[in-house]
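Notes to accompany the following structure.
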Amino acid sequence: MTVESTAARKPRRSSKRTSAAKTPQSSEPQLVQLLTPEGERVEHPDYQIDLTADELRGLYRDMVLTRRFDAEATALQRQGELGLWASLLGQEAAQIGSGRALRDDDYVFPTYREHGVAWCRGVDPTNLLGMFRGVNHGGWDPNTNNFHLYTIVIGSQTLHATGYAMGVAKDGADSAVIAYFGDGASSQGDVAESFTFSAVYNAPVVFFCQNNQWAISEPTERQTRVPLYQRAQGYGFPGVRVDGNDVLACLAVTRSALERARRGEGPTLVEAFTYRMGAHTTSDDPTKYRADEERAAWEAKDPILRLRTYLEKQKLADSAFFTALDEESETLGKRVREAVRAMPDPDPMAIFEHGYADGSSLVDEERAQFAAYQASFADSAEEGN
Amino acid sequence: MAVEKMSIAKALNESLRLALDTDPKVLIMGEDVGKLGGVFRITDGLQKDFGEGRVIDTPLAESGIVGTAIGLALRGYRPIVEIQFDGFVFPAYDQIVTQLAKMHARALGKIKMPVVVRIPYGGGIGAVEHHSESPEALFAHVAGLKVVSPSNASDAYWMMQQAVQSDDPIIFFEPKRRYWDKGEVDTESIPGPLHKASVARTGSDLTLVAYGPMVKVCLEAAAAAQEEGKSVEVLDLRSMSPIDFDTIQTSVEKTGRLVVVHEAPVFYGSGAEIAARITERCFYHLEAPVLRVGGYHVPYPPARLEDEYLPGLDRVLDAVDRSLAY
């Protein structure tokens, strides 16, 4: 893997300066790939993978159901059932590939778009919708599935992952930790600090950057002048760029990085080179900042389509499998829809719960005031009767 | 003998030692806390006795220190982190406010954040910029955090024990210009709860409320006032979040007058909160408006001017006189 950086050279004052300012990423990047966009299996010298037909179908099923869940959530937002949704459309392979590389005792620190990773961890997808509906700020117990709460502030969770991994090492456990973040987060100081801490303490953490090319409307070129995986070099640990739309490569590369962490060899940065096909969230409009041709070019690299082509060509799945999966998708969509609509607003008194583990006299006082205020409505209603 | 005379710095050191000794999950993290023992030597000798795995020298990155402490807390550890000086806490402010303070609520109570953030704060030591600030109100304003500050060796010892045992994140402000003040510490007799104010001196004409470095100034002011025949009660707030308003109320109902003193700027400071709440609670007992004495709404001045900026004996006595004149 090359670590040479063009940006590290002195900029030359020449007429070529404008074109030189284009990052190396604009050229076709070097990626670890095991399944081409045409659905052909290829080999890589460093990353081999040998999966059974069952396992391959499982990965396909994970991606299809995750995309279905995501589509349902987007629709629910459009119907006013959710206040916001952050779609993962296009990033299914990066999430399912890395998510399926994890062991149960590994710990995941997601951002707010890791619906596919949550799926792999066994988190009920309806749990993910509470914060987008506005009934809580997360709400699930992170220790049930070793899947931490969604983190909205960009990059904060990479430090939590690093600290957790430092704890894993202290405990003498051979679990690993994985931190998800995006290309935009790579500009944040916390991500840089997490690289420093994890390298210095040799923490068993894998940094999984989904470079989906856009941080809301800002392209990756606005975040970096060198390919993101090369950042790792400066911190003293390996970085690798994987085809983020290739579920097999994502699985193989993440598995390898996790194993390295388990062996006590420290962190790895994985850059999954992928594409966010939809908007950043349902609040933005990608047609204002990117060209239709760009999306079309990435559609040709669709992670689900390429695995389906492979499964069909290799006769690893028959039409009965695909039909059954279609039905399972519809059932999931229906379940999600019904669960969201049935999600009650929390009791107003819940505002005062969980601010503090040991309680607070200030909260107690305000809770009592609020309760009395609420009760005053009940009294006046009675008087009205 | 359970009672020993020691400085606040020594009391903190002994308390941290006890915490490390009692619970193997307690960790100390920060810049220079290991071999050096911290720039104020509060962690002196702890790494030597407990090892680099328990007393951890960190990279120079405050957000990283607090952010990784959060991760360690999620893994079941109880980190005590040191921010070297008050003005250096701001790179970590994001992690403290958006993450540390909210994690428990975000998880609907299913996870706890037993992290202590130690911050030597306040002026009076002739330091350069960013080494003398009192940002406590910025933390007290954030729900999910608790903010405390001891003013004497006994409280330094015991409040640290209580902070470490708390399952909530505690911002522990240490009055750095009092580090070398000595007092008696009874290491066997456990005092009252962490968030309860104490009566440092009883009086009947006026109540002075202070915390941390200003308690000593207020005690001196009360002694000086006594010579003029004025009986001043001094309350040591100890906790800026939550605030023990009951103790203040009891005192003000007796004296009818309240002056709040702190080093931090008066504008939007702790004194404003105390004045507002006590006015609500004690309106018919008050003989005078609640007065405040504190810093000005200016950047902390260069050291040669800090004596003008910091509330001293005369400014406190002036406020006492103004209150009594109503």
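The values are calculated or read from the model by the stated rules, or taken from the named source; none is laboratory data. Model, not experiment: these values are computed from the prediction. Cβ atoms come from the backbone with ideal geometry, glycine included; neighbour counts cover every protein chain shown. Keep in mind that these areas ignore ligands, DNA and RNA; they rest on the heavy atoms of the full protein, side chains included. Shrake-Rupley method; radii C 1.70, N 1.55, O 1.52, S 1.80 Å.
How big is D, in µm² s⁻¹, for chain B by Stokes-Einstein at 20 °C and 1.002 mPa s if Rh is the Kirkwood radius over C-alpha pairs?
For the chosen part, D equals 107 µm²/s.
Which of the lysines could a cross-linker bridge to B:K112, judged by Cα under 24 Å and excluding same-chain residues fewer than eight apart?
A:K170, B:K25, B:K102, B:K146, B:K196
Under 5 Å between amide H atoms, partner at least 5 residues away or on a different chain: which partners does A:Y107 have, H built in plane at 1.01 Å?
A:A176, A:V177, A:I178
Testing the spin-label approximation: label points 7 Å from Cα along Cα→Cβ at A:F370 and A:T331. State their distance in nm.
The two pseudo-label positions are separated by 4.1 nm.
Kindly state, to the nearest 0.05, the FRET efficiency for B:H141 paired with A:A320, given R0 = 56 Å and r defined as their beta-carbon distance.
0.35
Rounded to the nearest Å, what's the spacing between the alpha carbon centres of the stretch A:287-346 and the stretch B:92-108? Just the number, please.
If you average the Cα positions of each part, the centres end up 35 Å apart.
If you count, for every residue in B:163-171, the Cβ atoms of partner chains within 10 Å of its Cβ, what is the mean?
The per-residue average across the peptide is 2.
As a test of the definition: with a 1.4 Å probe, what buried accessible area, both sides summed, do you compute for A against B, in Å² to the nearest 100?
Separately minus together, A and B give about 3500 Å² buried.
Using only the alpha-carbon atoms of the stretch A:113-230, report the extent along each of the three principal axes, biggest first, to the nearest angstrom.
Principal-axis extents of the stretch A:113-230 (Cα, largest first): 41, 39, 20 Å.
Take the alpha carbon atoms of the stretch A:172-231, find their center, do the same for the stretch B:1-57, and report the distance between the two centers in whole angstrom.
If you average the Cα positions of each part, the centres end up 33 Å apart.
Per residue of the stretch A:238-248, in order, report the coupling 6.51 cos²θ - 1.76 cosθ + 1.60 (Karplus, θ = phi - 60°) as ³J(HN,Hα) in whole Hz, putting x for Gly and Pro.
Result, rounded to whole Hz: x, x, 9, 10, 10, 5, x, 9, 10, 5, 5.
When DSSP beta bridges are limited to those with both residues in the stretch A:157-222, what percentage is antiparallel, rounded to the nearest 5?
Rounded to the nearest five, the antiparallel share is 25 percent.
Roughly how many debye, to the nearest 20, is the charge dipole of the protein assembly as shown about its Cα centre, given +1 on each Lys and Arg Cβ, -1 on each Asp and Glu Cβ, and no other charges?
Dipole about the Cα centre, nearest 20: 1960 debye.
Do any trypsin sites (Lys or Arg not before Pro) in the stretch A:95-200 lie in a loop, going by DSSP, with at most 13 other beta-carbon atoms within 10 Å of their beta carbon, and if so which?
Passing both the DSSP loop test and the Cβ count: A:R103.
Test of understanding: express the Cα radius of gyration of the stretch A:305-358 as a ratio to 2.2 N^0.38 Å, with N the residue count.
Ratio of Rg to 2.2 N^0.38 Å for the stretch A:305-358: 2.12.
List the relative contact order of the stretch B:268-320 as a percent without decimals, with contacts defined as Cα pairs under 8 Å and 6+ residues apart.
31
Can you tell which of B:A101, B:A11, B:A224 shows the greatest fluctuation in a Gaussian network model of chain B with Cα springs below 10 Å?
B:A224
With springs only between Cα atoms under 10 Å apart, run a GNM on chain B and tell me which of B:R277, B:R304, B:R315 wobbles the most.
Looking only at B:R277, B:R304, B:R315, the biggest GNM fluctuation is shown by B:R304.
For a quick check: with amide H placed at 1.01 Å from N, whose amide H comes under 5 Å from B:D205's, ignoring anything fewer than 5 positions away on the same chain?
So B:D205 has HN proximity to B:S231, B:V232, B:E233.
Rounded to whole Å and sorted largest first, what semi-axes of the equivalent ellipsoid does the C-alpha gyration tensor of the protein assembly as shown yield via the square root of 5 times each eigenvalue?
Semi-axes (√(5λ), whole Å): 54, 30, 23.
Set the Förster radius R0 to 22 Å, insert the Cβ-Cβ distance between A:D347 and A:D124 as r into 1/(1 + (r/R0)^6), and round the FRET efficiency to 0.05.
0.50
Evaluate the relative contact order of chain A (contact order divided by residue number), counting alpha-carbon pairs under 8 angstrom at least 6 apart; express in whole percent.
Over chain A, the number comes to 23 percent.
Would you work out the charge dipole size for the stretch B:252-326 about its Cα centre, treating the Cβ of every Lys and Arg as +1 and the Cβ of every Asp and Glu as -1, and quote it to the nearest 20 debye?
Roughly 220 debye, rounded to the nearest 20.
Given axes a ≥ b ≥ c from the Cα gyration tensor, I'd like to know whether the stretch B:1-129 is rounded (a/c under 1.5), prolate (a/b larger than b/c) or oblate.
Verdict is oblate for the stretch B:1-129.
If you place +1 on the Cβ of every Lys and Arg and -1 on the Cβ of every Asp and Glu, how big does the dipole about the Cα centre of the stretch A:46-174 come out, in debye to the nearest 20?
About 480 debye.
Determine the relative contact order of chain B: mean sequence separation of Cα pairs under 8 Å and six or more apart, normalised by residue count, in whole percent.
16
If you fit an axis through the alpha-carbon atoms of helix A:53-78 and take the longest principal axis of the Cα set of chain A, what angle between them do you get, 0 to 90°, nearest 10?
50
Taking every pair of Cα atoms in the stretch B:189-294, average 1/r, invert it to obtain the Kirkwood radius, and report Rg/Rh to two decimals.
0.94
Can you tell me how the stretch B:85-170 classifies by the Cα gyration tensor, rounded, prolate or oblate, using a/c under 1.5 as the rounded cut?
Since a/c reaches 1.5 but b/c is at least a/b, the shape of the stretch B:85-170 is classed as oblate.
Considering only the other residues whose Cβ falls under 12 Å of the Cβ of B:G269, what net charge follows from Lys and Arg at +1 and Asp and Glu at -1?
My count for the surroundings of B:G269 gives -2.
For the stretch B:260-300, max minus min Cα coordinate along each principal axis, in Å, sorted largest first?
37, 15, 11
Against the 2.2 N^0.38 Å scaling, with N counting residues, where does chain A land? I'd like the Cα-based Rg ratio to two decimal places.
1.09
Helix A:319-342 versus the longest principal axis of chain A: what is the Cα-based angle in degrees, 0 to 90, to the nearest 10?
30
Residues with beta-carbon under 12 Å from that of A:M343, excluding A:M343: net charge, scoring Lys, Arg +1 and Asp, Glu -1?
Counting the neighbours of A:M343, the net charge comes to 0.
Out of the DSSP beta bridges found with both residues in chain B, what percent are antiparallel (nearest 5)?
Antiparallel bridges: around 25 percent, rounded to the nearest 5.
Return the calculated 222 nm mean residue ellipticity for chain B, to the nearest 500 deg cm²/dmol, obtained by summing -39500 (n - 2.57) across DSSP H runs with n ≥ 4 and dividing by the residue count.
-10000 deg cm²/dmol
Counting DSSP beta bridges with both partners in the protein assembly as shown, what percentage is antiparallel, nearest 5?
Bridges in the protein assembly as shown are about 20 percent antiparallel.
Report the convex hull volume per residue for the stretch A:96-176, counting only C-alpha atoms, in Å³.
86
Using a 10 Å cut-off on Cβ to Cβ distances, tally the other chain neighbours for every residue of A:358-367 and report the average as a whole number.
The mean count of partner-chain Cβ atoms within 10 Å per residue comes to 5.
To the nearest 10 degrees, how steep is helix A:361-384 against the longest Cα principal axis of chain A, on a 0 to 90 scale?
Result, in degrees: 50.
Out of B:G37, B:P79, B:L16, whose Cα points farthest toward the positive end of the dipole of the stretch B:5-99 (charges: +1 Lys, Arg; -1 Asp, Glu; placed on Cβ)?
B:L16
Per residue, how much accessible area does the stretch A:160-245 have with a 1.4 Å probe, in Å²?
28
Loop-only GluC sites (Glu not before Pro) in the stretch B:16-123, please: DSSP not H, G, I, E or B, and at most 15 other Cβ atoms within 10 Å.
Loop-located and lightly packed - B:E52.
Where in the stretch B:168-266 are there chymotrypsin sites (Phe, Trp or Tyr not before Pro) that are in a DSSP coil and have at most 16 other Cβ atoms within 10 angstrom of their Cβ?
B:W180
Could you work out, residue by residue across A:187-196, how many beta carbons of other chains sit within 10 Å of that residue's beta carbon, and then give the average as an integer?
Average per residue, whole number: 4.
How large is the Kirkwood hydrodynamic radius of the stretch A:213-283, counting all unique pairs of alpha carbons, in Å?
When all Cα pairs of the stretch A:213-283 are included, the Kirkwood radius is 13.6 Å.
Specify the residue with the greatest mean-square fluctuation among B:P59, B:P79, B:P120, computed from a Gaussian network of chain B linking alpha-carbon atoms under 10 Å apart.
The residue with the greatest mean-square fluctuation here is B:P59.
Among rounded, prolate and oblate, which fits the stretch A:20-149 when a ≥ b ≥ c are the square roots of the eigenvalues of its C-alpha gyration tensor, a/c under 1.5 means rounded, and a/b larger than b/c means prolate?
In terms of gyration-tensor shape, prolate.
In nanometres, what is the gap between the two model label sites at B:A272 and A:D46, each 7 Å from Cα along Cα-to-Cβ?
Between B:A272 and A:D46, the simple spin-label model gives 5.5 nm.
Return the calculated 222 nm mean residue ellipticity for chain A, to the nearest 500 deg cm²/dmol, obtained by summing -39500 (n - 2.57) across DSSP H runs with n ≥ 4 and dividing by the residue count.
-13500 deg cm²/dmol
Quantify, in whole percent, the carbon and sulfur part of the accessible surface of the stretch B:1-78 (1.4 Å probe; protein heavy atoms only).
50
Among A:V64, A:V42, A:S87, whose Cα sits farthest toward the positive end of the charge dipole of the stretch A:32-123 (+1 at Cβ of Lys/Arg, -1 at Cβ of Asp/Glu, about the Cα centre)?
A:S87
Quick one: divide the alpha-carbon radius of gyration of the stretch A:242-385 by 2.2 N^0.38 Å and tell me what you get.
That works out to 1.80 for the stretch A:242-385.
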